[in-house]
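The values are calculated or read from the model by the stated rules, or taken from the named source; none is laboratory data. What you see is a predicted model, and the numbers here were worked out from it, not measured in a lab. Backbone-built Cβ (ideal geometry, glycine too); neighbour counts: all protein chains shown. Keep in mind that these areas ignore ligands, DNA and RNA; they rest on the heavy atoms of the full protein, side chains included. Shrake-Rupley method; radii C 1.70, N 1.55, O 1.52, S 1.80 Å.
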Amino acid sequence: MASDATTKSNGFVETVKTVVYALLIAGLFRSLLFQPFWIPSGSMKDTLLIGDFLFVNKLAYGYSYASCPSIPAVGIDAKKLCSVFDGDNTRLFGSEPERGDVVVFRHPVTGSDFIKRVVGLPGDRVQMKNGVLHINDEAVKLEHGGTFSETMEPQGPQGGLPRCENGAVGHGGQCDKTRLIETLPGGVSHSILNIENSYVDNTGVFTVPTGHFFFVGDNRDNSTDSRVTQSRGGVGFVPFENLIGRADRVMFSSAGRSMFAFWTWRGDRFFKAIE
């Protein structure tokens, strides 16, 4: 008959096995299918808000080195971990993104994960004129979409304050921005926000290289994206191999500094489709 000590030892071993298997399955799920992503900034308002939580669909564009986890804190480099993808723009399976897709990608220089909207495809000419996006020398269609309002207060874990079009707003006041409905070539419509005239509202012409994409944030005056070159700390053109996946749906959302602060949950954004 097994002793109590042996029984306890076997039980502990089985528990450890269960935890290890669960972690392996979770890691496989994350690496191959869907990757969790929290929205940390306001660059994609009002499509995505600070505190939105979503899963990135990795199946949409196939797999590259960016599909592998990169954890600098413990010395895990995605390119070394996934050396099978050596070579420029090496991907397996999937297809290229479509104009208007909201995509999580790895910054070409810093390696940080970003989320923006694809507006320029390989070969496109992209330019901003007086805050209006032009693609291949044609202005996109814009319609009035009302006003986006939010409370002037710290947002998310970082506690940043929103920027307002209606001037200086005190704590607890109403912070407003003009909302426009933008329709891209191909028919994808989505809302964008405007705050003021900024240096990214007027640019030169960007010709998107082969195998690269041009990204912008929906909160146009509060987004450092492909309109800003990498030498100036921007995103620049993003190689296809740097795409992680497509953002399709918000699963959970919290306006507070912690997901456990249930009184700050935004129930109306749970399972909300991303347009």
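Observations
- Between G160 and Q155, the built amide H atoms are under 5 Å apart, and every one of these is 5 or more places off in sequence or on another chain.
- Near V104: Cβ cut-off under 12 Å, other residues only, Lys/Arg at +1 and Asp/Glu at -1. The net charge is +2.
- The stretch between F270 and R232 holds 10.0 nm of extra length on full extension. This uses 0.36 nm per residue minus the Cα-Cα distance.
- Region 136-211, accessible surface, carbon-and-sulfur percent (1.4 angstrom probe): 49 percent
- Whole-Hz ³J(HN,Hα) from phi, Karplus 6.51 cos²θ - 1.76 cosθ + 1.60, for region 171-181, glycine and proline x: 4, x, x, 8, 9, 10, 9, 6, 9, 10, 9
- Zone residues, region 175-193, relative to L161, backbone N less than 14 Å from point 7 Å out along Cα-to-Cβ: 175-176
- Net charge over other residues, Cβ less than 15 angstrom from the Cβ of Q230 (K, R count +1; D, E count -1): +3
- For the peptides 44-50, 165-171, the ranking by packing is 44-50, 165-171, with the highest mean count of neighbouring Cβ atoms within 10 Å listed first.
- Rounded, prolate or oblate (a/c below 1.5 giving rounded, otherwise prolate when a/b exceeds b/c) for region 133-275 by Cα gyration tensor: prolate
- Summed side-chain charge close to M128 - residues other than M128 whose Cβ falls under 9 Å, Lys, Arg +1, Asp, Glu -1: +2
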